[in-house]
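Peer 1: I'd like to ask you about the structure that follows.
Coordinate-derived values only; no laboratory data. Source: prediction; values computed, not measured. As a convention, Cβ positions derive from the backbone with ideal geometry for all residues, glycine included, and neighbour counts pool all protein chains shown.
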Amino acid sequence: VYYQIIIAMIAVSNIFFKNILPIFMVFINLALSVSVVFLMRYVQNLLNSDVKINLVEIVTQNKDAITSRLMMNVNSLDITANKLSDRLKAEESSGKLKTQDLIEQYAKENNTDDLFTANRDGMALFDGGRKLDISGRHYFRLAIDGIPNISDKLISRINGDEVFVISVPLSYNGEIVGTIQKVITFEEMYKICSLSIFSSQGYMYVINREGYVILHSAHPKCEQKSDNYFRDLYGAGNPKASEQMKRDIRNNRNGFIETTIAGREIFSAYTPIEKIHDWYLITSVPNNAVSPNGNTVISIFYFILFVIVVIFTSSLTYFLWYKNKQRAQLEKIAFVDTVTLGDTYNKFLVDAQGILTQCPHKKFHIIKFDIDNFKYINNFYGFEFGDRILRKINESISQQLNVHELIARIYSDHFVILLENAAEERLNALLSSIENEEITLYFSAGIYSVTDSTESINLMVDKAGTAARSIKGVLNKKFAYYTNKFEQITIHNEQLKRAVKQALKNDEFIPYYQPKVDINSGILVGGEALVRWKTREGKFIFPNEFIPMCEQTGLIVELDMIMYEKVLKFLKSFLEQGLACVPISVNFSRLHLMDSDFLSKIVKKQCEYGVPAHLIEIELTESAIFDNIDTIYAFTRKMHANGFAIAMDDFGSGYSSLNMLKDIPIDVLKIDKGFLSEAADNNRRNIIFSSIADMARKLNIKVVVEGVEHLENVRLMKECGCSIAQGYYFAKPMDEESFRNVFKEGRIC
Ligand code: C2E
Ligand code: CA
């Protein structure tokens, strides 16, 4: 169950950590990034629209400032024109000269290179007779048409400098009689137009309708490729913005554009300088200058996003790595056998299932085997040696396996193999490869040929195990194939199981008692309770027909306790009559040794019936004791502490050694009846027999010889100094009533 849980956890965690979590991680990262980017875009757009509003406002304010400065110049020239007009009026009224003559005279006297008056024909006269004809100039023509104006950038004919000319009409009696011009140097004009924009990060252009740059800020960003603003904008990769601006300017409209120049985002707002014919003011600013804090906030946000993504990704990566490590450890626990370092049975189940599913057309065989004498190898040579043997078995077999073939240890010394080729020679070769020089290993292997790959692998292994069990202890038989015969056995066992369950309910099991006798005096020294199944029809069924199945299915536990209770009841009835009792031994299966409450259950029942513990002997088979050698010491100690005696049943039927007896604190040794059956070498048998009796005596262990059938057996016992016998020679197991009489008699005659 523990392994199944681990495997289920591994499977679930595999799906989660390999598939779901990385996708989830990518999704979260993406979602986080996308939402932050969207949020930032939104913030950026908000900031940009603020910028637009700000910039449009700024360009309007700048325009107003520049316009008022320019208009101041125009107005002051207008005042000059008005004054001249008044003067003309005064002088003309004195009748000396005509208007044009007066203008010429005035010009001659007052004209300078920077401020000069021209007559109606565009002729400006200077002191010394120098003449300047401005009749072709656009500024003159506008002024003479009554429009005060400022010229485009011009090249001075006087000194070749870049200059601007302010030109206003000179009126007299409602008629324009000439113009007055004021020359403004480029530097002066620059001073008029230059304003600090965005802490000097912004800059401005003044262009005319065709895009020709009249002037611009002395700003590093105002590099000009040509003298045309539209052309430059177009050339810098902003054709749409250039077109939009051109369109707006032609229609004398305000506007706003976003451009990218040399990789930097620039916002520009433009507006006509209405008062100044044909001039437009453009205010530009790099977007990061407009709202440096906003941009810093955005940068911080991006940085935080980056940090979050990095932290999130790295912590998840660490988490995944950690979980992978844990999973690997779990897999190791579940899939790597700690003893053989090969595969565990669970891994076998998973892999075998995969192979059978992948190759449905191939013929596979499941082989289950174990080492017949392994418990004794462990006990003799120690667990380390035993583990080494198991490791070697796993190693040498797995080296000979082909693809799609597997080996795993199920538990203890039980192995399972999945083979494609399970011919006898191959099996012989596989098993003989693990022959050990130090000890001889005996195997019993069961083979189940897979016919239905959808069948449960556990069931297949069980079937192979059934075949293996059928040859357990049979000499010279290493393999058994699972056939239909086993199927019949299984069916029979199943029916038997049902019948036993019903019999338990019906209370059909009763104890028979076989006396134990002192062969020298014939006195009854004890008895053994042996179960009999008396069916409702009155038929008797003997233990060998149902005990093995009960052992396999665990029903024996209930059965043993029923027998125990019946024995207690029997003893109690005697005690109540005030009769002397002899100890009765009760057989207990090895399965009880796995139950930690076994002792308390025994004691509880014993107290319930009020039978003294020394009247009860617990019989455990030799193999049950040696198979649980680790726990048996504590168990017997506790049993002794509660006053119960422990008997080792069937001694000599297995691999137990005389030597081991000295270590196990048992009270009674029951020598297996097989000992007394005819042996090839009776002399040898007698020597062993007397050695056992001798050793037991020395260890203060009581010896009971089972299966005493003949007088020779009794003689042998006497020769060897054994005095207690249990066998047909004295009495067969008998029902309660008969045993009651023997009890009362106290001896066997
Ligand atoms: P066991 O514990 O070795 O019991 C002795 C068996 O030998 C009994 O067989 C008995 O009838 C038989 N026997 C006694 N004297 C002789 C003799 O002189 N010659 C021969 N050939 N046999 C003799 P039984 O009653 O059929 O029991 C067989 C086995 O079933 C028992 O062997 C014991 O292992 C098991 N068993 C019987 N009752 C119980 C029980 O209540 N619980 C458990 N767990 N096992 C039981
Ligand atoms: Ca017995």
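Peer 1: At 222 nm, what value in deg cm²/dmol follows for the chain if DSSP H runs of at least 4 each add -39500 (n - 2.57) and the sum is divided by all its residues, to the nearest 500? Intermediate values should be presented prior to the final figure.
Peer 2: On the way: 24 runs with 369 residues, N = 749.
After summing the helix terms and dividing by residue count, I get -16000 deg cm²/dmol.
Peer 1: I would also like to ask the following. Quick one: Cα convex hull volume of the range 298-382, Å³ per residue? Show your work: numbers first, answer last.
Peer 2: Details: hull volume 11.5 nm³, N = 85.
Taking the convex hull of the Cα positions in the range 298-382, it is 135 Å³ per residue.
Peer 1: Using Cα pairs under 8 angstrom and six or more residues apart, how large is the relative contact order of the range 622-749, in percent?
Peer 2: Relative contact order of the range 622-749: 19 percent.
Peer 1: What's log10 of I(q)/I(0) for the chain at q = 0.08, 0.10 Å⁻¹, Debye sum over Cα points only, no solvent?
Peer 2: -0.84, -1.08
Peer 1: Let me ask something additional. When all alpha-carbon pairs of the range 564-720 are counted, what percent fall beyond 27 Å? List each step's numbers first, then the result.
Peer 2: Values: 3639 of 12246 pairs.
That fraction is 30 percent.
Peer 1: Treating the range 91-199 as a set of equal point scatterers at the Cα positions, no solvent, please give the Debye-formula log₁₀ I(q)/I(0) at q = 0.20, 0.22, 0.24 Å⁻¹.
Peer 2: -1.02, -1.18, -1.33
Peer 1: Could I ask something else about it? Please give the net charge around Ser690, taking every other residue with its beta carbon less than 14 angstrom from that of Ser690, where Lys and Arg add +1 and Asp and Glu add -1.
Peer 2: In short, +4.
Peer 1: Next question. From Cα pairs below 8 angstrom and at least 6 apart in sequence, can you work out the relative contact order of the range 508-624, rounded to a whole percent?
Peer 2: Numbers: 151 pairs, mean separation 28.3, N = 117.
Worked out over the range 508-624, it gives 24 percent.
Peer 1: Next question. Stokes-Einstein D for the range 217-306 at 25 °C, 0.890 mPa s, Kirkwood Rh over Cα pairs, in µm²/s? Display every interim value, and only then the final one.
Peer 2: Numbers: Rh = 14.6 Å.
Translational D for this selection: 168 µm²/s.
Peer 1: Using alpha-carbon positions, what is the distance between the centroids of the range 12-30 and the range 702-731, in Å?
Peer 2: Computed from Cα coordinates, the inter-centre distance equals 76 Å.
Peer 1: Something else now. What list do you get for Trp321, Trp533 if you sort them by fewest beta carbons within 10 Å?
Peer 2: Lowest to highest Cβ neighbour count: Trp321, Trp533.
Peer 1: Hey, another quick one. With the cut-off at 23 Å, tell me which of the pairs Lys362/Lys463; Lys18/Lys347; Lys325/Lys347; Lys534/Lys566; Lys670/Lys698; Lys516/Lys601 have Cα atoms farther apart than that. Display every interim value, and only then the final one.
Peer 2: On the way: Lys362/Lys463 20 Å; Lys18/Lys347 20 Å; Lys325/Lys347 19 Å; Lys534/Lys566 15 Å; Lys670/Lys698 16 Å; Lys516/Lys601 26 Å.
With Cα atoms farther than 23 Å apart: Lys516/Lys601.
Peer 1: Right, something else. Relative contact order for the range 139-183 using alpha-carbon pairs under 8 Å, separation at least 6, rounded to a whole percent?
Peer 2: Numbers: 85 pairs, mean separation 16.4, N = 45.
37 percent.
Peer 1: Need the C-alpha centroid separation for the range 430-480 versus the range 735-749, integer Å.
Peer 2: Cα centres, the range 430-480 to the range 735-749: 48 Å.
Peer 1: Right, next: If you place +1 on the Cβ of every Lys and Arg and -1 on the Cβ of every Asp and Glu, how big does the dipole about the Cα centre of the chain come out, in debye to the nearest 20? Intermediate values should be presented prior to the final figure.
Peer 2: On the way: 83 positive and 89 negative charges, 131 e Å.
Roughly 620 debye for the chain.
Peer 1: Extent of the range 79-144 along each principal axis, from alpha carbon coordinates, in Å, largest to smallest?
Peer 2: Extents along the principal axes: 33, 27, 19 Å.
Peer 1: Please compute the volume of the convex hull spanned by the alpha-carbon atoms of the range 488-587 and report it per residue in Å³. Kindly include the intermediate steps, with their values, before the conclusion.
Peer 2: Numbers: hull volume 11.9 nm³, N = 100.
It comes to 119 Å³ per residue, whole-number rounded.
Peer 1: Now a separate question. Please list the helices of the chain that count as membrane-span-like by this rule: a mean Kyte-Doolittle hydropathy of at least 0.0 together with Cα atoms stretching 20 Å or more along the helix axis, each helix being a complete DSSP H run.
Peer 2: 21-93, 292-335, 555-576
Peer 1: Starting from a Cα-only point model with no solvent, please compute log10 I(q)/I(0) by Debye for the range 250-358 at q = 0.10, 0.11, 0.18, 0.22 1/Å.
Peer 2: Ignoring solvent entirely, the Cα scatterers give -0.62, -0.67, -1.00, -1.12.
Peer 1: While we're on this one: Between the range 250-306 and the range 508-537, how far is it from one alpha carbon centroid to the other, in angstrom?
Peer 2: 113
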